[in-house]
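Working notes, beginning with the structure itself.
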């Protein structure tokens, strides 16, 4: 795998080419100060101060007596400065505008990955976000995003860097009726579609037994008509969603092998196809 193969799978690289057959997404370049905020684990866990007074936990019960225990007394200037929350007003305003344009709810993603491992910490237990504070909470709590931030090129045979020069935050429209059983990962080797796996592998979906052949035809047609010619790598994977009216939407691209999960396959059997 080459660095160029990894770079092509960044959402800011592939989305403009596949915008018409993907879900609505706004992409913002992240300031380096926010990237460093995500990487910083030297101090307490602090969410950014919101210029809109947004709260990542709007339904929590505030107990003034408990909050007094965490207040820094006057005169301890060094401690107060150390505990001051960071603030990213320009980024927050841009994100707020994008969320409103996308219908009020989104799910976030960095260059390659979404913070799926931190969904448990949100009030909904999902990646659904309506504010900048909720996005920051998910990103800051995610261990899997360390891959994007520090290890994206570790498996490259021509590795020259450990991170991309710029990071981006993709805000993807949230669809409340999204059906996990209709999301699939497709494996392409030598520009040929060699495998299709359900994306959610922890659950058995009887409906897939009924729709298997139809879904396979839809995805193969979509690959031949929309993906094979446009995506420049020879070996890669792409994730799609099949809608109720049998339209196929591309959700993501990932490199072949390395950190990409083969799901119901093994990489050994995929290599032999």
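Values in this text are rule-based calculations from the coordinates and carry no lab data. Only a predicted model underlies this, so the values are computations on that prediction, with no experimental measurement involved. Quick reminder, even Gly has a Cβ in these numbers, built from the backbone with ideal geometry, and neighbours come from all protein chains shown.
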- Calculated log₁₀ intensity ratio I(q)/I(0) where the Debye formula runs over C-alpha points of segment 180-271, q = 0.17, 0.21, 0.22 Å⁻¹: -0.69, -1.06, -1.16
- Mind checking the angle between helix 206-222 and the chain's longest principal axis? C-alpha axes, 0 to 90 degrees, to the nearest 10. 80 degrees
- Efficiency by 1/(1 + (r/R0)^6): what FRET value for residue 273 and residue 46, r their Cβ-Cβ distance, R0 = 41 Å, to the nearest 0.05? 0.25
- Message: I'd like to compare 178-189, 161-172, 211-222: which one has the highest average count of other Cβ atoms within 10 Å, and what's the full order after that?
- Response: 178-189, 161-172, 211-222
- Task: Just need the relative contact order of the chain here, percent rounded to a whole number, with Cα pairs under 8 Å and 6+ apart.
- Result: 25 percent
- Query: On a 0 to 90 degree scale, rounded to 10, what angle separates helix 132-141 from the longest Cα axis of the chain?
  - Reply: 80 degrees
- Message: With n ≥ 4 as the cut-off for DSSP H runs, can you work out [θ] at 222 nm for the chain, using -39500 (n - 2.57) per run divided by the number of residues, rounded to the nearest 500?
- Response: -8000 deg cm²/dmol
- Item | Debye equation applied to the C-alpha atoms of the chain, log10 I(q)/I(0) at 0.12, 0.13, 0.14, 0.15 Å⁻¹ | -0.81, -0.93, -1.06, -1.19
- Taking alpha-carbon centroids only, segment 135-169 lies from segment 234-254 a number of Å equal to 23 Å
